[in-house]
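*Asks:* Before anything else, here's the structure in question.
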Amino acid sequence: AQSVTQLDSHVSVSEGTPVLLRCNYSSSYSPSLFWYVQHPNKGLQLLLKYTSAATLVKGINGFEAEFKKSETSFHLTKPSAHMSDAAEYFCVVSGGEGGSYIPTFGRGTSLIVHP
Amino acid sequence: GAVVSQHPSWVICKSGTSVKIECRSLDFQATTMFWYRQFPKQSLMLMATSNEGSKATYEQGVEKDKFLINHASLTLSTLTVTSAHPEDSSFYICSASVLSTNYGYTFGSGTRLTVV
């Protein structure tokens, strides 16, 4: 079965410092991987996605993620955090088993940005 | 592009009544729509997957008679919470996708349901 593990439930950074949100996946097939952001009481917004093209994926708002098959990882990074980045971030895997495209969510990582 | 509109954004209803939540794909035809429930500070729990013109596939533990899903067209899916109770209070989110393209999943803005 496909699965995704977000290693940190909370990440706290100071404004202007780098952000690293970790995600590891497990999938029997070549997966598609996504990062979504959710602000309080809002729906999910797609930050970026990997679908077997370039392994370094650039997304919106300065975020990027690198697909590393050898490490089964898809960590999300940003060089400099902004206060508006404070939100919940979800790593999602799909396109795995038996042709199923039902997405599997990580538990989420809450990003806290201090002034 | 790829906008999903979900309505209402919030609703308060009395116990025993039914509530309908709509999810529309505005600029694309969604082969499949997903319905999720999210508890505070938790991840999204998949409730059901619906394909246009066929019955929804419910996840284990989700009562299909309580959470009625209709996907009558490629642009509209509805979730009806029947005979709502306070424990049904939650944040419900829909997602639409065109399968087989790894198009990605576009999410609605969510519906905050409060049952009093």
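The values are calculated or read from the model by the stated rules, or taken from the named source; none is laboratory data. All of these numbers come straight from a predicted model, not from anything done at the bench. Note that we place each Cβ from the backbone using ideal geometry, even for glycine, and neighbour counts take in every protein chain shown. These area figures cover heavy atoms from the full protein model, side chains too; ligands, DNA and RNA do not enter into them. Shrake-Rupley method; radii C 1.70, N 1.55, O 1.52, S 1.80 Å.
*Asks:* Report yes if A:Thr77 is within 28 Å of B:Val4 (Cα to Cα), within 13 Å of chain B (Cβ to nearest Cβ) and either of a type outside the set (Gly, Ala, Ser) or in contact (Cβ under 8 Å) with a residue 60 or more places away in the chain (or both), otherwise no.
*Replies:* No; evaluated as a whole, the condition is false for this residue.
*Asks:* Shifting gears a bit: Restricting to segment A:1-31, and then to whatever is crowded, with 16+ Cβ neighbours inside 10 Å and β-branched (Val, Ile, Thr), can you tell me which residue is nearest to the chain's Cα centre (by Cα)?
*Replies:* My answer is A:Val4.
*Asks:* Residues that are more than 14 Å from chain A (Cβ to nearest Cβ), at pLDDT below 90 and either assigned to a strand (DSSP E or B) or open to solvent by 70 Å² or more (accessible area, probe 1.4 Å) (or both): does segment B:95-105 have at least one?
*Replies:* No, segment B:95-105 has no match at all.
*Asks:* List pairs: first residue in segment B:13-24 and more than 11 Å from B:Gly108 (Cα to Cα) and part of a loop (DSSP other than H, G, I, E, B), second residue of a type in the set (Val, Ile, Thr) and open to solvent by less than 80 Å² (accessible area, probe 1.4 Å) anywhere in the structure, Cβ distance under 7 angstrom, at least six positions apart or on different chains.
*Replies:* Between residues of segment B:13-24 that are more than 11 Å from B:Gly108 (Cα to Cα) and part of a loop (DSSP other than H, G, I, E, B) and residues that are of a type in the set (Val, Ile, Thr) and open to solvent by less than 80 Å² (accessible area, probe 1.4 Å), the close pairs are B:Ser15/B:Val115; B:Ser18/B:Thr80; B:Ser18/B:Val81; B:Ser18/B:Thr82.
*Asks:* Right, here's the next one. Got at least one residue in segment A:77-86 being open to solvent by 20 Å² or more (accessible area, probe 1.4 Å) and modelled with pLDDT under 90?
*Replies:* No; the residues of segment A:77-86 include none that is open to solvent by 20 Å² or more (accessible area, probe 1.4 Å) and modelled with pLDDT under 90.
*Asks:* Here is a further query. Can you spot a residue in segment A:90-98 that is out of contact with any strand residue (DSSP E or B) (no Cβ under 7 Å at 6 or more places or on another chain) and not in a loop (DSSP other than H, G, I, E, B)?
*Replies:* yes
*Asks:* Ok, one more. Please go through segment A:8-40 and pick out each residue that is closer than 21 Å to A:His114 by Cα, assigned to a loop (DSSP other than H, G, I, E, B) and not charged (D, E, K, R).
*Replies:* Answer for segment A:8-40, where residues must be closer than 21 Å to A:His114 by Cα, assigned to a loop (DSSP other than H, G, I, E, B) and not charged (D, E, K, R): A:Ser9, A:Gly16, A:Thr17, A:Pro18, A:His39, A:Pro40.
*Asks:* Within segment A:46-68, work out how many residues are aromatic (Phe, Trp, Tyr) and more than 10 Å from chain B (Cβ to nearest Cβ).
*Replies:* Going through segment A:46-68 one residue at a time, the tally reaches 2.
*Asks:* Scan segment B:87-94 and give yes if some residue there is part of a strand (DSSP E or B), surrounded by 15 or more Cβ atoms within 10 Å (Cβ to Cβ), aliphatic (A, V, I, L, M) and within 9 Å of chain A (Cβ to nearest Cβ), otherwise no.
*Replies:* Among the residues of segment B:87-94, at least one is part of a strand (DSSP E or B), surrounded by 15 or more Cβ atoms within 10 Å (Cβ to Cβ), aliphatic (A, V, I, L, M) and within 9 Å of chain A (Cβ to nearest Cβ), which makes the answer yes.
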